[in-house]
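Working notes for the structure below.
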Amino acid sequence: MAIYKKPTKRAHKGFFYLNDEAVINSLSALESGKVDEIVSRTTTAREGGFSGEVSVPLPSVGLSAGGGRKSSSEIEEEMVRTRTRFSVFDAWYDHLQREKGLGTFSGWVPGALDGVESGDTVELRADLSLGSLQTVLRLFLWFADQAAKQDTPFSQKGEQLKQTKQAARMMKITMGMESEDDDQVPLIAVPVGAVGPQVVLAVSPKWLIGRLGQLGGDFGIVAQVTRVVPSGEDYPILRLTRDVTPTPLEIGTLKEVVSHYVEPAQALGVQVDPEESVVKGPALILEPIAIYR
């Protein structure tokens, strides 16, 4: 007799990532009245919680507009945004389910991508990770940031610090991170099931709700298909030239650049293969909308 009784439905979602801008835009096009209703409801909740006869006790820290602290109106707007983004996702997700607008996978096998097309909105469960290459690259960027600070165990000076900064600069160019707005974090997804096509998705830090260090275990993923990479074709996980489609020159350059990180990575106990700069078809490239447990 089973001791644990599983819930019949995963009613609660612990979000790791939610691009609510994409969700709101989509729901506005599909069912705009629903968006208006949700915004109206959260605004009413805000007014009841922060004005009129009802008051919500807030800690004094953070209420001052000066000294970098947040004012009560800023906290209020943040709470309304939080209520709205999760409520809108539920409305959007329910709409897609009612309209049978979500592609799902009954399992993961070598032929799992048969019938999948670019533009499809799909749902799957998968184990997510940064992959060894991203782990090493981002660990070095963290080290370079610490090296430039005073009074840390990793502080550097003079020529040593100059070389570290130069290496970090080149690494950011390789990763397409010349500015924070450009940062896209590639994640490797291993869908639940048998061995099948590779799955890669890139998350934008501005939509992260959790931290990258929280990755581990399986997550539910709702995403739009960006590309189905056919068998025998390479597709770069890192992008040197995001304004144009991938070229053989870009793919070859990336492999050459990554080869220089193999030895330093081994010193950290991480095995990196230059081939990790690309994903080999058959593979699925996704634009994530929501990631949650």
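The values are calculated or read from the model by the stated rules, or taken from the named source; none is laboratory data. Bear in mind the structure is a predicted one, so any value in this text is a computation, not a measurement. So basically every Cβ, Gly included, is an ideal-geometry build from the backbone, and we count neighbours across all protein chains shown.
Glu159 meets each of the listed conditions (1) in a loop (DSSP other than H, G, I, E, B); (2) free of Cβ contacts under 8 Å to residues at least 24 places away in the same chain; (3) surrounded by fewer than 18 Cβ atoms within 10 Å (Cβ to Cβ) apart from (1).
Please specify each residue of segment 30-51 satisfying the condition of being modelled with pLDDT of 70 or more and loosely packed, with under 13 Cβ neighbours inside 10 Å. Within segment 30-51, Gly33, Asp36 qualify. Beta carbons closer than 7 Å, at least 6 apart along the sequence or on distinct chains, pair a first residue in segment 174-196 that is modelled with pLDDT under 85 and of a type in the set (S, T, N, Q) with a second that is surrounded by 13 or more Cβ atoms within 10 Å (Cβ to Cβ) and outside any loop (DSSP other than H, G, I, E, B) for Thr174/Val257; Gln184/Ala202. Restricting to segment 207-220, name every residue that is in contact (Cβ under 8 Å) with a residue 60 or more places away in the chain and either of a type outside the set (Gly, Ala, Ser) or surrounded by fewer than 16 Cβ atoms within 10 Å (Cβ to Cβ) (or both). Across segment 207-220, the qualifying residues are Trp207, Leu208, Ile209, Gly210, Leu212, Gln214, Leu215, Gly216, Gly217, Asp218, Phe219.
Looking at Ala223, Ala148, Ala144, which is the one that is closer than 28 Å to Ser118 by Cβ, among the small types (Gly, Ala, Ser) and either at pLDDT 90 or above or surrounded by 13 or more Cβ atoms within 10 Å (Cβ to Cβ) (or both)?
Details: Ala148 fails: closer than 28 Å to Ser118 by Cβ; Ala144 fails: closer than 28 Å to Ser118 by Cβ.
That would be Ala223, the only listed residue that is closer than 28 Å to Ser118 by Cβ, among the small types (Gly, Ala, Ser) and either at pLDDT 90 or above or surrounded by 13 or more Cβ atoms within 10 Å (Cβ to Cβ) (or both).
Look at (1) of a type in the set (Gly, Ala, Ser); (2) out of contact with any Phe, Trp or Tyr (no Cβ under 9 Å at 6 or more places or on another chain); (3) at pLDDT below 90 and you find that Ser72 fails only one, number (2).
Find the residue count for segment 140-152, including only residues that are farther than 19 Å from Met171 by Cβ and either in a helix (DSSP H, G or I) or in contact with a helix residue (DSSP H, G or I) (Cβ under 8 Å, 6 or more places away or on another chain) (or both).
So the first thing to find is which residues in segment 140-152 are farther than 19 Å from Met171 by Cβ, and the list is 150-152.
Add one more test, that the residue is either in a helix (DSSP H, G or I) or in contact with a helix residue (DSSP H, G or I) (Cβ under 8 Å, 6 or more places away or on another chain) (or both), and what stays is 152.
Selection size over segment 140-152: 1.
Total residues in segment 96-139 satisfying the condition of being part of a helix (DSSP H, G or I) and within 27 Å of Ile24 (Cα to Cα): the figure is 3.
In segment 185-203, which residue that is part of a loop (DSSP other than H, G, I, E, B) and crowded, with 17+ Cβ neighbours inside 10 Å is nearest to the chain's Cα centre (by Cα)? Filtering segment 185-203 for residues that are part of a loop (DSSP other than H, G, I, E, B) and crowded, with 17+ Cβ neighbours inside 10 Å, the one nearest to the chain's Cα centre (by Cα) comes out as Pro197.
Once segment 1-29 is narrowed to residues that are aliphatic (A, V, I, L, M) and surrounded by 11 or more Cβ atoms within 10 Å (Cβ to Cβ), the residue that is modelled with the highest pLDDT is Leu18. Of everything listed in (1) of a type outside the set (Lys, Arg); (2) modelled with pLDDT under 85; (3) closer than 26 Å to Gly216 by Cα, the single unmet condition for Ser106 is (2).
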